[in-house]
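Below is one structure, written out as structure tokens; comments come after it.
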Amino acid sequence: MRIGVVGTKGGWSSELLADTVGSATGHRLLIEMDKVRLDLPSGRCMYEGTDLSTLDALIIKKIGAWYSPDLLDRLEMLRLLNERGLPVFSAPLRVLRVLDRLSCTITLQSGDIPMPPTTITEDVDHAVQAVRDYGRAVFKPLYSTKARGMTIMEDGPGLREQIAAYKADHSILYIQKTIELEGGQDLGVVFLGGRYLTTYARCRTNGSWNTTTVNGGKYAAFEPPTEIIDMARRAQALFGLDFTCVDVALTASGPYVFEVSAFGGFRGILETSGLDAAQLLLEHVQRCLAGGAQSGGCGSAPTITPPLVSTRMEPAA
């Protein structure tokens, strides 16, 4: 069986997944999307001499080293292959729904998933009012991971000028009220094929406002109560991804979902639970290809009927 892995060469999780697939199948192919050529209308999709359309399946681990709108175009290339019958895990159209932070947020809100108070605007004066209403807010780029490009702003002198300067690089302003995390940690609640797998915590260690590992955060084991798992399950079920991590904040006002991840964190899972997410994901893919477990997306392109979110409202069995 020839299964390609879409990822970044040198990336820890991408290389791990490619190694795992290669060891199990005898065929190792790690695909960098910036080196792919899609030919229309034939549908030939070439990477280093391999026509990706002839593979048995693709697994998306990373679509690029940095989050940007360019990643949407790369997913569109894979969407053609998927809609012409190549199983892709997770299906590109499903990944598209979470890669854009605003699209992910609107879907979660439409699904009645609790989130921190959030304002979306293109108007600087409205943004100023939002910060004054919240007292303290984080401005988030629509395409980012691990808090990259995020900026904290507070009500006070110079606020309007600070927002105007930020807007010079961000036409859409995504503004979220900062919330106090209980214990200085948030959670990654992991699902495979729509089924709960494990949870890990990301803990602040150096006074940073966020818990990401690039800013000094550390992983820790965590056993969430049933209501947290149930809320995260409802959140991920809106998207139908084959493998995902739901970011959950525990606060004095109750739990909030920050976002649903397009790809999930292999390292946090391994360090806190000892689970080999790469092996588990491969086994899920193999079951789907063999016609076994029919949970999650199972690599198939979703059938789109308006409204789009209506095809993803039911939680996986």
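The values are calculated or read from the model by the stated rules, or taken from the named source; none is laboratory data. Model, not experiment: these values are computed from the prediction. Cβ coordinates were reconstructed from backbone atoms using ideal geometry, including for glycine residues, and neighbour counts include every protein chain displayed. These area figures cover heavy atoms from the full protein model, side chains too; ligands, DNA and RNA do not enter into them. Shrake-Rupley method; radii C 1.70, N 1.55, O 1.52, S 1.80 Å.
Here the convex hull built on the C-alpha positions of the stretch 18-90 has a volume of 96 cubic angstrom per residue.
In what sequence, largest accessible area first, do 42, 13 appear using a 1.4 Å probe? Intermediate results must be reported in sequence, preceding the final value.
Values: 42 70, 13 20 Å².
The most accessible residue leads, giving 42, 13.
The heavy atoms of residue 125 offer some 90 square angstrom of accessible surface to a 1.4 angstrom probe. Relative to the first principal axis of the alpha-carbon coordinates of the chain, what is the inclination of helix 70-83, with its axis defined by its Cα atoms, in degrees from 0 to 90 and to the nearest 10? The two axes meet at around 40 degrees.
Checking (i) 140; (ii) 179; (iii) 170 against the coordinates, the calculated volume of the Cα convex hull per residue in Å³ falls under label (i).
Simple point charges give the picture: +1 on the Cβ of Lys and Arg, -1 on the Cβ of Asp and Glu, and for the chain a dipole about the Cα centre of about 440 debye.
Viscosity 0.692 mPa s, temperature 37 °C: give me the Stokes-Einstein translational D for the stretch 25-137 in µm²/s, with Rh taken as the Kirkwood radius over C-alpha pairs. Please report the intermediate quantities before stating the final value.
Values: Rh = 16.7 Å.
Translational diffusion coefficient: 196 µm²/s.
For the stretch 1-93, the fraction of 1.4 Å probe accessible surface lying on carbon and sulfur atoms is 49 percent. If contacts are Cα pairs under 8 angstrom and at least 6 residues apart, what is the relative contact order of the chain in percent? Taking the mean separation of contacting Cα pairs over the length of the chain, I get 18 percent. Put 166, 196, 256, 47 in order of accessible area, highest first, and with a 1.4 Å probe you get 196, 256, 166, 47. Only Cα pairs within less than 10 Å get springs; with that Gaussian network setup on the chain, which residue of 175, 269, 106 has the largest fluctuation? Answer for the Gaussian network model of the chain: 106. Cβ screening of the chain for cysteine pairs under 4.7 Å finds these without a partner: 45, 104, 203, 245.
Only lysines eight or more places from residue 61 in sequence, or on another chain, were considered; those with a Cα closer than 30 Å are 9, 35, 140, 146, 218. Calculated mean residue ellipticity at 222 nm for the chain: -9500 deg cm²/dmol, from DSSP H runs with n ≥ 4 weighted as -39500 (n - 2.57), summed, divided by the residue count and rounded to 500.
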